[in-house]
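The values are calculated or read from the model by the stated rules, or taken from the named source; none is laboratory data. Computed from a predicted structure; not experimentally measured. A quick note on method: Cβ atoms are made from the backbone with ideal geometry, for glycine too, and the neighbour counts reach across all protein chains shown.
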Amino acid sequence: MIEVNYVKVKNFVYIYMLLPLLCFIALYLHSWLGGIFLVILFGLSVVNIRIKFKRIKKARRRKKVLRIHFEVPKSNYILQIPIRYLVIFAIVAVIWSFLGGQGNLYYQSPDWGCRNAIYRDIIYREWPVVYPDYNKALVYYIGYWLPAASVTKIIGFVVPSIYSTEVAFTIGNILLWIWTSIGIFFTELLLLTYAKPILHYRQLLVPIILVFFSGMDIIGAVRNIVVEGKQFWLLHLEWWCDDLQFSSLTTCLFWVFNQTIVPWLAILCVLQEEKLCNYVFIGICAFAAGPIPMVGIAVYMLLNGIYKGIDSIVNKKMVDFLKEVFTPVNCLAVLILPVFLLYYKSNQALNNGVAGATSGVFSVFKLTTITDGFIEDVLLLLVLEAGIYLLLLYRNYKNDIFYYITIITTFIAPFVKIGGASDFIMRFSIPTVMVMAAMCLKYLVNYDVNKGTDKISKYIVTILCVCLLIGAMTPMTEFFRGYSTMLQTGKIINVCDDIKTFNQDIPSNNFTANDYKNSAFFKVFISDE
């Protein structure tokens with residue numbers, strides 16, 4: 001048995017989330033600017049460690065042991081996990097990421113074409129990645145790839161010959177597979193510390209819920225097939241409501257892994273942080289992985305902060321609240337924000353407008369045109385994707401602020417668009433879907449079947465299990481797509497790698513910056529070599 005709690009797990013999670021920032025700052029910026037920001041990040045670590053030791057000393061003086069923050073039984077219950085369960089968690093992480101395309105050894109969804117091109121350019125080209133022949137530079141959410149790519153470059157420095165073939169890309173993909181598996185494993189541990197199962201064997205529900213949680217897309221899909229005769233591209237059930245979609249956890253991993261893993265870790269940390277003292281740090285880490293999921297996380301942090309602020313005013317503890325917000329960690333982390341704001345601002349899509357949107361960082365977001373048909377679609381979407389789950393969870397979470405924030409984020413998601421595309425609702429909802437999965441997990445693993453519960457509770461747990469089984473059809477179609485392609489082609493490896501590189505004259509609006517030398521980011525933060 002190994003004792004597990006949030007305090008222990010988050011130390012490793014923080015390092016995992018921090019590494020992409022370190023790689024970007026150390027290897028992408030001017031050497032002297034990179035040095036300054038590395039000092040800031042080092043300061044963050046030192047301050048964090050000092051604060052932690054102070055808390056430990058205070059706890060020891062009071063003869064208390066630090067535990068995770070949410071309510072636990074009065075019997076000083078200690079969360080322990082058998083080693084064999086940790087092995088199962090690790091195996092699930094490796095297999096799940098493999099089936100999603102990691103390692104380039106199985107089927108990959110169509111979105112992998114651009115992602116393989118990005119990763120190949122990161123590995124084979126100097127940093128920052130620029131394409132002088134076409135006067136453009138790679139500008140995208142590249143943070144997630146950088147740790148694995150950095151190790152690949154170190155290997156390439158020792159053995160330069162790997163760059164003359166695809167060996168470097170092969171090594172890079174194996175390392176990325178390992179990196180993704182580690183991130184999933186940490187996600188499982190954070191889910192475990194949040195749910196805190198009352199029985200050991202229920203800990204095995206953690207990977208099951210993580211892999212199979214989804215909204216009940218199959219109901220909407222069947223309705224559309226029967227009523228409208230609608231077909232679904234590549235059996236992608238989440239498109240049943242036209243441009244509105246709450247992507248399942250498996251769908252996110254299989255299609256947009258680079259902006260999924262770190263936001264999962266970030267929102268699970270937010271759920272379990274006792275105070276707001278690390279919020280900005282967590283937010284910056286998520287921002288480096290993907291700005292749209294970060295907006296979803298920011299709503300959770302902002303509304304929880306407002307709630308705590310009002311509570312501090314009512315209880316006359318405003319000074320303590322301000323100390324909690326304006327910590328050295330938060331203040332230092334804010335200094336990193338302009339780097340990524342300017343980096344993303346140089347993206348061609350923001351400068352030229354995305355699918356009909358005007359240019360600019362904030363102008364790219366716009367409200368959806370509301371019609372009677374749209375309202376009907378939204379209502380049905382919210383019921384099947386979140387409403388039923390949230391209704392079933394109400395009795396257990398009616399005193400939890402994050403429950404109400406989840407309701408708010410589900411209502412925000414359909415009414416905002418990025419240009420004419422559906423990216424906002426799909427990516428903004430990444431943290432929301434994870435929170436619903438975590439709450440469902442916590443409810444199930446702590447339901448006491450032996451205790452004399454009322455009939456309503458028994459009905460709720462039964463209906464919840466049925467809903468989860470119906471929702472599991474969505475990730476099952478994701479798995480089936482790879483299996484079906486393998487049968488059709490007669491081979492296991494069916495990667496999507498047709499683009500190869502962005503060093504060519506092809507449309508790359510979402511991934512590059514045109515005339516990059518005149519952008520503020522490249523003028524200020526990048527050398528003129």
Search region 183-210 for residues being surrounded by fewer than 24 Cβ atoms within 10 Å (Cβ to Cβ) and under 22 Å from Ile388 (Cβ atoms), and hand back the single one that is farthest from the chain's Cα centre (by Cα).
Leu205
Hey, Cys496 in contact with a Pro (Cβ under 8 Å, 6 or more places away or on another chain) and on the phi < 0 side of the Ramachandran plot or not
yes
Can you tell me which residue in region 211-241 is modelled with the highest pLDDT, limited to those that are closer than 17 Å to Asp377 by Cβ, assigned to a loop (DSSP other than H, G, I, E, B) and over 24 Å from the mean Cα position of the chain (by Cα)?
Lys230
Filter region 134-149 down to the residues that are hydrophobic (A, V, I, L, M, F, W, C) and outside any loop (DSSP other than H, G, I, E, B), then identify the one that is farthest from Ser97 (Cα to Cα).
Ala137
Name the residue that is modelled with the highest pLDDT, counting only residues in region 504-518 that are in a loop (DSSP other than H, G, I, E, B) and either acidic (Asp, Glu) or more than 28 Å from the chain's Cα centre (by Cα) (or both).
Gln504
Return the only residue of Thr170, Thr152, Thr187, Thr180 being at pLDDT 95 or above, in a helix (DSSP H, G or I), within 30 Å of Asp448 (Cα to Cα) and polar (S, T, N, Q).
Thr187
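Yes or no, residue by residue, for (1) of a type in the set (A, V, I, L, M, F, W, C); (2) within 19 Å of the chain's Cα centre (by Cα):
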residue	(1), (2)
Lys275	no, no
Asn278	no, yes
Phe281	yes, yes
Phe287	yes, yes
Pro293	no, yes
Tyr300	no, yes
Gly305	no, no
Gly309	no, no
Ser312	no, no
Exactly one of (1) crowded, with 22+ Cβ neighbours inside 10 Å; (2) in a loop (DSSP other than H, G, I, E, B); (3) of a type outside the set (A, V, I, L, M, F, W, C); (4) without any contact (Cβ under 8 Å) to a residue 40 or more places away in the chain is unmet by Glu126. Its number?
(1)
Positions within region 320-348 being in a loop (DSSP other than H, G, I, E, B), of a type in the set (A, V, I, L, M) and buried (at least 19 other Cβ atoms within 10 Å of the Cβ), in sequence order
Ile336
